[in-house]
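The values are calculated or read from the model by the stated rules, or taken from the named source; none is laboratory data. Owing to the predicted nature of the structure, the values given are computational and were not obtained by experimental measurement. Note that we place each Cβ from the backbone using ideal geometry, even for glycine, and neighbour counts take in every protein chain shown. We work out accessible area using only protein heavy atoms, side chains counted, and drop any ligands, DNA or RNA first. Shrake-Rupley method; radii C 1.70, N 1.55, O 1.52, S 1.80 Å.
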Amino acid sequence: MMPEDEITGQAPEPNAPENYEPSPGGSLGELIPEEVSAPEISTGMAPADRIDLEELREAAISVRAEIAKLIVGQKEFVDLLIASLLAGGHVLVEGVPGIGKTMIAKLLAKTVAADYSRIQFTPDLMPSDVTGTTVFNMADSKFQFTKGPVFSNIVLIDEINRAPAKTQAALFEVMAEQQVTVDGTTYTMEDPFFVIATQNPIEQEGTYRLPEAQLDRFLVRIIIDYPDHEEEKEILYRFRSDFRQMQQEKVNPVFTKALVAKYSALVEKIFIRDELLDYIAALVHRTRTHPDLYLGASPRASLGILRLSKAVAALSGRDFVTPDDIQQVAFPVLNHRIILTPEREMEGFGAKDVISEIVRAIEVPR
């Protein structure tokens, strides 16, 4: 088991969330409360409406522990992956080569007893290599559809920006609607369906930038950086006698497909006040009117913040959303959905600067 202070979320003050004030510098993976002691009146929920989240919380801690058998650090990355899985959204992971993007995705798949497939995107990859193709069966003289690797529960797409636009477009329907249409026939994906895509933000040779319409289909974009000095030393100590990383075989499944469906249903039931829905709407609407932004976020971003903030609250053992939950997920949900004006980009501003400014400017509900 991982320590209880290493999973997503933050405990509310005794009168949260009516009199709740977000603590400065809060981040994912900061605290799991021993128990939720907020009175029912603070959330507008009767005792009979309270949701028992202990099983979900313990399962998430176990997933973290399994992944930590190989991965050093990257706690916020892992938390966001778990939250996105339970929120029913896809994840785009961006970072330089060699910092564990693919490895963490593979380990998460190992903790879920479900089908897993990996697709390496390359410039010569065709759409049919992803979705499948219709072939003529000589045995019965009929055309038969052969499913591609996207027909799985957890799909890792490595270097998604290596494939041309035609192949990238093959993902549009399946990521948004969880179905694939080939030769006029629609095939529905089995639950859960979770896409984790990686891309390298530095090397541009031989890459194809993802269009905004495809970026919008990812619930979050997670930007990960190098490990710090102490984490780097721990990596060396851990793998000095394990060059082939055989410790992967020690990672055990925690979730089943049925459990993912059960926990996702619990996440949907997490309570959120009307004032916080208004707060989400205000944050997203401000991206459309901000003078530093050429393109603002769509309503899909509002729904993304709603879904992910509920998942973050559930993973922290709370059955209600706080303003901190919304602020914590605002950047990963919004950073790939906005475009800065050319003038601000030339001045060195980034999406994080603008989103932080918007979060500070919008009044937090009390």
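Note on the range 263-292: residues that are more than 15 Å from ALA361 (Cβ to Cβ), open to solvent by less than 40 Å² (accessible area, probe 1.4 Å) and of a type in the set (Gly, Ala, Ser) amount to 1. Return yes or no: is ALA165 more than 20 Å from GLY304 (Cβ to Cβ), among the small types (Gly, Ala, Ser) and at pLDDT below 90? Against the criterion (more than 20 Å from GLY304 (Cβ to Cβ), among the small types (Gly, Ala, Ser) and at pLDDT below 90), ALA165 qualifies. None of LEU107, LEU80, LEU56 is touching a Phe, Trp or Tyr at 6+ places or on another chain (Cβ under 7 Å), open to solvent by less than 10 Å² (accessible area, probe 1.4 Å) and either charged (D, E, K, R) or closer than 21 Å to VAL220 by Cβ (or both) except LEU56. Taking the range 223-241 as the range and being assigned to a loop (DSSP other than H, G, I, E, B) and of a type in the set (Val, Ile, Thr) as the test, only ILE224 passes.
Counting only residues that are farther than 25 Å from ALA87 by Cα and not in a loop (DSSP other than H, G, I, E, B), the range 185-222 holds 1 of them. Checking each residue in the range 293-350 for being among the charged types (D, E, K, R), open to solvent by less than 20 Å² (accessible area, probe 1.4 Å) and part of a loop (DSSP other than H, G, I, E, B) picks out ARG318, ASP319, ARG337. Taken over the range 83-98, the criterion of being open to solvent by less than 20 Å² (accessible area, probe 1.4 Å) and in a loop (DSSP other than H, G, I, E, B) is satisfied by GLY89, HIS90, GLY95.
Just checking, how many residues over the range 59-77 are open to solvent by less than 10 Å² (accessible area, probe 1.4 Å) and hydroxyl-bearing (Ser, Thr, Tyr)? Qualifying residue count for the region: 0.
Residues of the range 357-365 include none that is among the small types (Gly, Ala, Ser) and open to solvent by less than 60 Å² (accessible area, probe 1.4 Å).
Residues in the range 138-184 that are open to solvent by 50 Å² or more (accessible area, probe 1.4 Å) and in a strand (DSSP E or B): LYS142, PHE143, GLN144, THR146, LYS147, THR181. Scanning the range 194-213 for residues that are more than 30 Å from VAL135 (Cβ to Cβ) and within 15 Å of the chain's Cα centre (by Cα), we see that the one that is most open to solvent (accessible area, probe 1.4 Å) is GLN199.
Select, from ASP216, ASP191, ASP225, the only residue that is open to solvent by 70 Å² or more (accessible area, probe 1.4 Å), touching a Lys or Arg at 6+ places or on another chain (Cβ under 8 Å) and closer than 30 Å to GLN328 by Cα.
Residue meeting the stated conditions: ASP191.
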